[in-house]
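Engineer: One structure, as structure tokens, below. Some questions next.
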Amino acid sequence: MARYVVDVMPKREILDPQGKAVLGALPRLGFDGVVDVRQGKRFEVEVEGDADDDRLAEVRRMAETLLANPVIEDFVVTVDGVSEETPPPAPVEEEPSA
């Protein structure tokens with residue numbers, strides 16, 4: 001089974017009210033220094049068989065037809081590999097109180 005990831009983002013010239021809302025909230029929550037936020041969406045598509053150029057082209061057609069609106073959104077399709085996943089962070093041990 002092959003897994004493809006489709007990342008969809010609003011085009012730069014398109015207003016992103018959700019991104020602006022997040023940008024406005026971050027300083028109020030104590031996160032300083034963030035200059036821009038753009039909010040998009042991610043699709044993980046699993047298809048039968050191995051990853052190849054034909055399946056990649058098919059997923060691109062899915063993105064153009066349904067997953068993204070090419071008029072206002074850009075998208076990138078990549079093959080998702082298990083080795084590329086980021087492992088979860090190690091648990092932090094708290095020091096016992098005295």
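Engineer: Please list, ordered by first then second residue, the pairs with beta carbon atoms under 8 Å, 6 or more apart or interchain, first in the stretch 47-73 and touching a residue at least 24 places away in the same chain (Cβ under 8 Å) and under 15 Å from V5 (Cβ atoms), second among the β-branched types (V, I, T) and assigned to a helix (DSSP H, G or I).
Structural biologist: V47/V59
Conditions tested, residue by residue: (1) in a loop (DSSP other than H, G, I, E, B); (2) aromatic (F, W, Y); (3) out of contact with any Pro (no Cβ under 6 Å at 6 or more places or on another chain); (4) at pLDDT 95 or above.
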site: G33; (1), (2), (3), (4): yes, no, yes, yes
site: E44; (1), (2), (3), (4): no, no, yes, yes
site: D50; (1), (2), (3), (4): yes, no, yes, no
site: R61; (1), (2), (3), (4): no, no, yes, yes
site: V71; (1), (2), (3), (4): yes, no, yes, yes
site: D74; (1), (2), (3), (4): no, no, yes, yes
site: P89; (1), (2), (3), (4): yes, no, yes, no
site: E94; (1), (2), (3), (4): yes, no, yes, no
site: A98; (1), (2), (3), (4): yes, no, yes, no
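Engineer: Residue pairs, Cβ under 9 Å, 6 or more apart or interchain, first in the stretch 23-38 and loosely packed, with under 11 Cβ neighbours inside 10 Å, second aromatic (F, W, Y). List them.
Structural biologist: Hits for this filter: zero, empty list.
Engineer: Now for a separate question. Take the residues in the stretch 39-51 that are surrounded by 12 or more Cβ atoms within 10 Å (Cβ to Cβ) and of a type outside the set (A, V, I, L, M, F, W, C); name whichever of them is farthest from the chain's Cα centre (by Cα). Walk me through how you get there before you give the answer.
Structural biologist: Residues of the stretch 39-51 surrounded by 12 or more Cβ atoms within 10 Å (Cβ to Cβ): 39-41, 43, 45, 47, 51.
Pick out the ones that are also of a type outside the set (A, V, I, L, M, F, W, C) and you get 39-41.
Details: Q39: 9, G40: 7, K41: 6 Å.
Filtering first and then ranking leaves Q39.
The values are calculated or read from the model by the stated rules, or taken from the named source; none is laboratory data. Note that the structure is predicted; figures quoted are calculated from it, not measured. Neighbour counts are summed over all protein chains in view; Cβ atoms, including those assigned to glycine, are modelled from backbone coordinates with ideal geometry.
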